[in-house]
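Beneath this line is the structure, given in structure tokens, with notes to follow.
The values are calculated or read from the model by the stated rules, or taken from the named source; none is laboratory data. Nothing here was measured: the structure is a model prediction, and the numbers come from that model. Here the Cβ positions follow ideal geometry from the backbone for every residue, glycine too, while neighbour counts run over all protein chains shown. Just so you know, the surface numbers come from the protein's heavy atoms only, side chains and all, with ligands and any DNA or RNA stripped out. Shrake-Rupley method; radii C 1.70, N 1.55, O 1.52, S 1.80 Å.
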Amino acid sequence: MQHMENAINRRNFLKATATGALTTSLGISGFPTIVPASVLGKNAPSNRINVGAIGTGRISFGHDMPGVMQYDTARVMAVCDVDSKRAEAGKKFVNDYYTKKNGKGYDGVSLYTDFRELLQNKDIDAVIISTPDHWHAPIAILAAEAGKDIYMQKPASLTISEGREMSNAVHRTGRILQIGSQQRSSPQFRYAAELVRNGRIGQLKTVSIGLPGDPGGNEEPPMPIPENLNYDMWLGTTPYVYYTEKRVHPQDSIEARPGWLRCEQFGAGMITGWGSHHIDSAHWAMDTEYTGPIEVSGWAEYPESGLWDVHGKFQTEALYANGVKMIVNNEFDNGIKFEGTDGWIFVTRGDYAATASDPVSKKKGSKALTASNPKLITSVIGPNEIHLMESKEHHGNWLESIKSRQPPIAPVEVGHRSCSACLIHQIAMKLKRKVYWDPIKERFRNDDEANAMLSRPQRSPWAIG
């Protein structure tokens, strides 16, 4: 196909980014700083990775902070949230964890309500970014420039332009960034990708992806801004809108799903929320991790009124340069179905959920991996076949990468490409027509209307770039 020459593969991308500023920056800031002697645990304090947690909400408490604290090679030494109640809760959570883990009282966690002050702390080597989506890329850029390695929740960015700036900043500074696409550290997703790449289902033709949906809601009245919340900073680069609790997060719960997930001002809805997971896993199997679709069309239903305005029911179709078609739909079973000339494979999370409030259907007896022929999923990948990187646990893989300075299993450019693919799907939904994408230039072909949606106006003083 004539577009094949436009595809970017991992080898070419890494070659392009392994020169110039990237290599020089490694010599300056390639290794963690010395950790204070007060660190507890078996490992020598000077080898410990000091971590700051930025954003102490649902995903941080339920997934990210415990994911890092389980390792003696790291210590969460600081927490930050624009909601001081959540910051205090985060500090207590970490102190209590280390108290229980070490069998004696612990109070070694610093508290911040402004992430910029946390980034100035030279004792902090790395950060976890567990904020709402619209803050992911801006904080990651500033963290990379501050010399911090980064674990960041997906999706990678609010816009495609921000994602490109973030990937460039990480490579320019030589930092390690792991996107929280933890399906790459789940064995069934890696195995499914290896089976597809090694031709077990013949020539791959179609990838069908099922995502959850999001319902709309009611109109919500303006409310007084809580004294414990820096609402202006919480809004960040996005336009000022009145405060109401269901736009932000519950004041009486950390575990409950926050309302911002259903506001387009702060994210794109499930197309990026879960799409970043499944499209990333699909790209892994398709060998398209460093490129993107060349055509996308689709439709979506949007609420006609109410505070929550992300898409509900939807379907999109994408074409890749290798001829593979991808269909994404809210009515398919949650997971990824790879269909080839010799059969199909379906992979999903099974009973796994990152947090208790994940909106994923939990069918009784749900299997993580099924196929048209059961023999497909007992196939052994031979020593001379394609073997993909293996990670036992996603946060642990990130910490290993910080030590080795080798790319993690979900590096920044891969995260950017999976997120940008999701955002192209969203743009097609909004425009209700087919769009044509150039994955090299990262622009739509001859489409000013679509290209205007690659970025958003940014509010002062929070603008980046």
Test: residue 328 is buried (at least 18 other Cβ atoms within 10 Å of the Cβ), under 18 Å from residue 268 (Cβ atoms) and either in contact with a strand residue (DSSP E or B) (Cβ under 9 Å, 6 or more places away or on another chain) or touching a residue at least 40 places away in the same chain (Cβ under 8 Å) (or both): yes
Enumeration of residues in region 400-410 that are part of a loop (DSSP other than H, G, I, E, B) and crowded, with 23+ Cβ neighbours inside 10 Å: 408, 410
Qualifying residue in region 175-198 (condition: touching a Gly at 6+ places or on another chain (Cβ under 9 Å) and farther than 24 Å from residue 392 by Cα): no
Every residue from region 193-203 that is hydrophobic (A, V, I, L, M, F, W, C) and more than 13 Å from residue 386 (Cβ to Cβ): 201
Matching entry among 223, 233 (being open to solvent by less than 10 Å² (accessible area, probe 1.4 Å) and of a type in the set (A, V, I, L, M, F, W, C)): 233
Residues of region 238-249 satisfying the condition of being closer than 17 Å to residue 133 by Cα, in a loop (DSSP other than H, G, I, E, B) and open to solvent by less than 30 Å² (accessible area, probe 1.4 Å): 238, 248, 249
Residue count, region 341-354 (criterion: surrounded by fewer than 16 Cβ atoms within 10 Å (Cβ to Cβ) and modelled with pLDDT under 90): 3
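Would you call residue 252 assigned to a helix (DSSP H, G or I), without any contact (Cβ under 8 Å) to a residue 60 or more places away in the chain and either surrounded by fewer than 16 Cβ atoms within 10 Å (Cβ to Cβ) or out of contact with any Cys (no Cβ under 7 Å at 6 or more places or on another chain) (or both)? I'd like the intermediate steps shown before the answer.
On the way: assigned to a helix (DSSP H, G or I): no; without any contact (Cβ under 8 Å) to a residue 60 or more places away in the chain: yes; either surrounded by fewer than 16 Cβ atoms within 10 Å (Cβ to Cβ) or out of contact with any Cys (no Cβ under 7 Å at 6 or more places or on another chain) (or both): yes.
When the stated conditions are applied, residue 252 does not pass them.
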Qualifying residue in region 295-318 (condition: part of a loop (DSSP other than H, G, I, E, B), among the basic types (Lys, Arg), modelled with pLDDT of 95 or more and open to solvent by 10 Å² or more (accessible area, probe 1.4 Å)): yes
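Does residue 133 qualify as being open to solvent by 20 Å² or more (accessible area, probe 1.4 Å), in contact (Cβ under 8 Å) with a residue 24 or more places away in the chain and among the acidic types (Asp, Glu)? If you could, list the steps in order and put the result at the bottom.
Working: open to solvent by 20 Å² or more (accessible area, probe 1.4 Å): no; in contact (Cβ under 8 Å) with a residue 24 or more places away in the chain: yes; among the acidic types (Asp, Glu): yes.
Judged against the criteria, residue 133 is not a match.
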Selected residue (criterion: most open to solvent (accessible area, probe 1.4 Å)) from residues of region 71-93 that are assigned to a helix (DSSP H, G or I) and touching a residue at least 40 places away in the same chain (Cβ under 8 Å): 85
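Can you say whether residue 168 is farther than 20 Å from residue 280 by Cα, among the polar types (S, T, N, Q) and surrounded by fewer than 24 Cβ atoms within 10 Å (Cβ to Cβ), as far as the supplied structure shows? Write out each step before concluding.
Details: farther than 20 Å from residue 280 by Cα: no; among the polar types (S, T, N, Q): yes; surrounded by fewer than 24 Cβ atoms within 10 Å (Cβ to Cβ): yes.
So residue 168 fails the test.
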Residue within region 176-188 that is surrounded by fewer than 24 Cβ atoms within 10 Å (Cβ to Cβ), in contact (Cβ under 8 Å) with a residue 12 or more places away in the chain and within 27 Å of residue 247 (Cβ to Cβ) present: no
Hits in region 270-294 (condition: closer than 30 Å to residue 222 by Cα and open to solvent by 10 Å² or more (accessible area, probe 1.4 Å)): 273, 274
Number of the exception - residue 163 against (1) open to solvent by less than 20 Å² (accessible area, probe 1.4 Å); (2) within 24 Å of residue 108 (Cα to Cα); (3) small (Gly, Ala, Ser): (2)
Flag for residue 447 being surrounded by fewer than 16 Cβ atoms within 10 Å (Cβ to Cβ), among the charged types (D, E, K, R), within 26 Å of residue 293 (Cβ to Cβ) and modelled with pLDDT of 95 or more: no
Residue match in region 109-123 (condition: charged (D, E, K, R) and crowded, with 23+ Cβ neighbours inside 10 Å): no
So residue 458, is it over 24 Å from residue 63 (Cα atoms), in contact (Cβ under 8 Å) with a residue 40 or more places away in the chain and assigned to a helix (DSSP H, G or I): no
Region 414-442: number of residues that are open to solvent by 50 Å² or more (accessible area, probe 1.4 Å) and out of contact with any helix residue (DSSP H, G or I) (no Cβ under 6 Å at 6 or more places or on another chain): 6
Failed item in (1) surrounded by 15 or more Cβ atoms within 10 Å (Cβ to Cβ); (2) modelled with pLDDT under 95, with residue 59 passing the rest: (2)
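Each row is one residue, and each column tells you yes or no for (1) under 21 Å from residue 165 (Cα atoms); (2) out of contact with any Lys or Arg (no Cβ under 7 Å at 6 or more places or on another chain).
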site: 367; (1), (2): no, yes
site: 370; (1), (2): no, yes
site: 386; (1), (2): no, no
site: 395; (1), (2): no, yes
site: 464; (1), (2): yes, yes
